[in-house]
Amino acid sequence: MTPPHLQIAIDGPAGSGKTTVARRLADRLSLLYLDTGAMYRALAVLSLRERVDADNEPALLRLLEVRPIDVRLDPRSPMGFTVLAGGEALAEADLQANAASVVVSTIAAHPKIRERMVAKQRRIAELGPVIMAGRDIGTVVLPDAQVKVFLTASIGARVQRRREQFARSGTAIDAHALYTELEERDRLDESRANSPLQIPPDAHVIDSSDLGIDDVVSKIAALASAAA
Ligand code: DC
């Protein structure tokens, strides 16, 4: 069924440029914007703080009950939205920290955790025209989205982008360690039983290895205007 307002789904592996592109496009087209990875990262941050094992789904679900994860959409905030855990806004630096990256794919593989996150993401999409970035947006969260994009890039380009991201926040990070982390996350995200990262059959595949952000944004904006 066609959604009542425009939905743009952007999926792809870590470092493919999804969040930067999605946010810029949201600004350009005045759409609501959410990077769903931040919700899984919020639970990763909580699990590290509370020393809950990333493999322990029942304990993670209890943690979610005590400290529910919510999202407030706000284009003027640093990330374009705020993630709250039990009412506390989490800092971007904590969400993006390497410690959270290392456990987040294990946490995101649990089916009941995903069910809860997906339900919240769908409620957000009901608020108005939206662009959502993640791994399962076109396949599971918004399967009827009018525009679906699978954004990809070579692992070399993705490592370079993540390094630049860390450098901007003043953190030096070893390229080899990043390479290993991205490969391991790709493996976990692609091989999990529940909602694995895969190309939706009706998606436009864009390889951003040799494209600038604005080129990718313009390509997707053209798809959106063709779909309107
Ligand atoms: O996009 P990111 O690197 O911030 O995402 C962090 C992790 O969250 C990623 O390794 C897989 C998971 N994720 C997911 O399973 N489904 C989504 N829709 C978004 C992220």
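The numbers here are math on the coordinates, done by the rules we state, and not lab data. From a predicted model like this one, the values you see are computed outputs, not experimental measurements. Quick reminder, even Gly has a Cβ in these numbers, built from the backbone with ideal geometry, and neighbours come from all protein chains shown.
Data for the structure
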{"item": "Close pairs from the range 200-228: first in contact (Cβ under 8 Å) with a residue 12 or more places away in the chain, partner surrounded by 14 or more Cβ atoms within 10 Å (Cβ to Cβ) and among the aromatic types (Phe, Trp, Tyr), Cβ under 7 Å, at least 6 apart", "result": "200/150; 203/150; 205/150"}
{"item": "Condition check for residue 130: under 17 Å from residue 34 (Cβ atoms), in contact (Cβ under 8 Å) with a residue 60 or more places away in the chain and crowded, with 20+ Cβ neighbours inside 10 Å", "result": "yes"}
{"item": "Filter result for the condition that a residue is in a helix (DSSP H, G or I) and under 23 Å from residue 96 (Cα atoms), over 223, 197, 178", "result": "178"}
{"item": "Top-ranked residue in the range 172-228 [being touching a helix residue (DSSP H, G or I) at 6+ places or on another chain (Cβ under 9 Å) and among the β-branched types (Val, Ile, Thr); ranked as farthest from residue 16 (Cα to Cα)]", "result": "173"}
{"item": "Which numbered condition residue 205 fails, given (1) closer than 18 Å to residue 10 by Cβ; (2) assigned to a loop (DSSP other than H, G, I, E, B)", "result": "(2)"}
{"item": "Residues being over 24 Å from residue 76 (Cα atoms) and surrounded by fewer than 18 Cβ atoms within 10 Å (Cβ to Cβ) - total across the range 10-51", "result": "4"}
{"item": "Out of 221, 175, 226, 145, sole residue that is surrounded by fewer than 14 Cβ atoms within 10 Å (Cβ to Cβ) and closer than 25 Å to residue 28 by Cα", "result": "226"}
